[in-house]
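Participant: My questions all concern the structure below.
Values quoted throughout were computed directly from the atomic coordinates according to the rules given, and no laboratory measurement underlies them. Only a predicted model underlies this, so the values are computations on that prediction, with no experimental measurement involved. Note that we place each Cβ from the backbone using ideal geometry, even for glycine, and neighbour counts take in every protein chain shown.
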Amino acid sequence: MRRLIFGLLLCFTTVSPVVPGSHLASVSQQKIVTAAQVNGTWRYKDNTLKVWSLGQRKLKVEFFGIYSYRTPEGWMANSGSGIGIAQIEGNTAVFRPADVDEECQITMRFTKGKLVVEQEGICGFGFNVTAAGTYRRVNRAKPKFEEN
């Protein structure tokens, strides 16, 4: 009987309940990524995202995007770009280009060797240019960033 009681006490003291939606649940379920997993150049169609870890949960990010379309005169393209510092928490970074006045938020989630990007707002890019998409890393070397 003592062993049974001791075993139950040990079980209750070593297992802490995690309530879905609580801070404890988000910390325990959040995946942490390393600099090696985020650093490099990422591509989706004609779009490029350059990412480099600066430490202290900060990433330097540069986006360059193109939207191509055909007209009766031939192919045309709109382009847009932005550079800035993103804050990363776990596997998700939030980026807002430095020179953007309007509402803009680019959310980058690093998962399973991919970079899934969502964009809210126009972010000052050209017509139909968006950072949204699922990117693949094409180079792990430190990217060359444009200077402001």
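Participant: Which number do you get for Rg(Cα) / (2.2 N^0.38 Å) in segment 31-139?
Facilitator: Values: Rg = 14.1 Å, N = 109, 2.2 N^0.38 = 13.1 Å.
Compactness ratio reported: 1.08.
Participant: Give me the net charge of Thr130's neighbourhood, meaning all other residues with Cβ under 12 Å from the Cβ of Thr130; Lys, Arg count +1, Asp, Glu -1. If you can, show how the numbers build up before the last one.
Facilitator: Values: positive: Lys45; negative: Asp46, Glu118, Glu120.
With Lys, Arg at +1 and Asp, Glu at -1, the net is -2.
Participant: Now, a different point. Need the list of lysines near Lys45 for cross-linking: C-alpha distance under 16 angstrom, and skip anything on the same chain fewer than eight residues off.
Facilitator: Once the sequence-local lysines are set aside, what remains near Lys45 is Lys114.
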